[in-house]
Ligand SMILES: NC(=O)c1ccc[n+]([C@@H]2O[C@H](COP(=O)([O-])OP(=O)(O)OC[C@H]3O[C@@H](n4cnc5c(N)ncnc54)[C@H](OP(=O)(O)O)[C@@H]3O)[C@@H](O)[C@H]2O)c1
């Protein structure tokens, strides 16, 4: 069933979100609908688990019926298999890469067949573009890509998004940082040890954590589509912190004491293998470009963002 918030359907902008059932997509859907947009999702699942129309696509088999996606004004693609969910075997790396790149290419090939195309496309990307490394450099959109697996994936991911411009569809990409939400994602995983009183910094604690409150990330997507801003933008807050700082503030917001020493890096490597770099390495990322494009952050300060998500008093 389609839920439409506007009394005048003709005036309602129709948004299609690939991977809209996920953490970011769900919140973005709510915020768009609150603003009067009509939203549908593209999903691998035939049974809609969404509260909006879910149109079926099969990214693996490269199948999407062009008729099903006629009439959308804006297309956003957030689809992607979880980065941290499983060990990075060669097979898993392929799933991580293909779910992102091939979903954008499937959208391109399908939109190419439409007489009337959407007027704007936005693709997720990630700050992994810059490479997993701990440095004192503040990375901006002009910095070159890294060379590790995630960086190479992001390069291909962004190139596949740029294919839309060949169809004449203005395109934006958002290099997303660590999304803070109380509904899931990395913060929900970090919360457990802190709740149990065993939360601690990870490794040397100096690695940057370029976080963003989920509402600001969705706010950036909306800002881009409403202002038709093309190009690439970092989706991070203006005040990134290191892991030690983050851990201290998180413990405080959860009203827990941080009594244990940092978890040694080798233990994290034993538990996470290749994926350990996701939590042991990181640099800070600049939000200047999106701020200079007049996006005003609702939660620029970490403690305020965490209190918004975790203050149940
Ligand atoms: N959350 C973060 O901290 C973060 C940070 C950096 C970048 N990002 C990027 O932002 C995007 C959205 O993030 P999220 O946290 O909302 O992710 P999420 O909760 O994992 O949702 C992603 C959606 O992608 C679809 N999907 C999963 N595996 C797929 C596959 N193999 N092929 C095609 N579609 C697949 C799923 O939708 P269906 O099951 O309905 O098909 C899923 O709901 C992702 O691309 C992610 O890499 C997120």
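The values are calculated or read from the model by the stated rules, or taken from the named source; none is laboratory data. Since we're looking at a predicted model, the values are computed, not measured. For neighbour counting, all protein chains shown are included, and Cβ atoms are generated from backbone atoms with ideal geometry for every residue, glycine included.
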Mind checking which residues of region 99-137 are more than 23 Å from residue 170 (Cα to Cα) and under 20 Å from the mean Cα position of the chain (by Cα)? 128, 130, 131, 132, 133
Search result, residues across region 159-188 that are closer than 24 Å to residue 107 by Cβ, outside any helix (DSSP H, G or I) and either away from the ligand (no atom under 12 Å from the Cβ) or out of contact with any strand residue (DSSP E or B) (no Cβ under 8 Å at 6 or more places or on another chain) (or both): 167, 168, 169, 170, 171, 172
Among (1) buried (at least 22 other Cβ atoms within 10 Å of the Cβ); (2) assigned to a helix (DSSP H, G or I); (3) in contact (Cβ under 8 Å) with a residue 40 or more places away in the chain, the one test that residue 191 misses: (1)
Can you tell me how many residues in region 263-275 are surrounded by fewer than 15 Cβ atoms within 10 Å (Cβ to Cβ) and in contact with a strand residue (DSSP E or B) (Cβ under 7 Å, 6 or more places away or on another chain)? 0
Just give me the residues in region 107-118 being in contact with a strand residue (DSSP E or B) (Cβ under 8 Å, 6 or more places away or on another chain) and part of a helix (DSSP H, G or I), in sequence order. 107, 111
Looking at 131, 80, can you tell me which residue is within 21 Å of residue 155 (Cα to Cα), surrounded by 19 or more Cβ atoms within 10 Å (Cβ to Cβ) and within 8 Å of the ligand (Cβ to nearest atom)? 80
Every residue in region 194-220 that is part of a helix (DSSP H, G or I), surrounded by fewer than 22 Cβ atoms within 10 Å (Cβ to Cβ) and at pLDDT 95 or above, please. 215, 219
Residue 100 being free of Cβ contacts under 8 Å to residues at least 12 places away in the same chain and closer than 23 Å to residue 39 by Cα: no
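Is it fair to say residue 88 is assigned to a loop (DSSP other than H, G, I, E, B), more than 9 Å from the ligand (Cβ to nearest atom) and under 30 Å from residue 277 (Cα atoms)?
Working: assigned to a loop (DSSP other than H, G, I, E, B): yes; more than 9 Å from the ligand (Cβ to nearest atom): yes; under 30 Å from residue 277 (Cα atoms): yes.
In short, yes.
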Residue 212 out of contact with any helix residue (DSSP H, G or I) (no Cβ under 7 Å at 6 or more places or on another chain) and within 11 Å of the ligand (Cβ to nearest atom): yes
For region 280-293, check the following and say yes or no: at least one residue is surrounded by 15 or more Cβ atoms within 10 Å (Cβ to Cβ), over 24 Å from residue 173 (Cα atoms) and touching a helix residue (DSSP H, G or I) at 6+ places or on another chain (Cβ under 9 Å). yes
Does region 249-256 contain at least one residue that is loosely packed, with under 13 Cβ neighbours inside 10 Å, in contact with a helix residue (DSSP H, G or I) (Cβ under 9 Å, 6 or more places away or on another chain) and in contact (Cβ under 8 Å) with a residue 60 or more places away in the chain? no
I'm told residue 106 meets every condition in (1) out of contact with any helix residue (DSSP H, G or I) (no Cβ under 9 Å at 6 or more places or on another chain); (2) more than 16 Å from the ligand (Cβ to nearest atom); (3) at negative phi except one. Can you identify the failing condition by its number? (2)
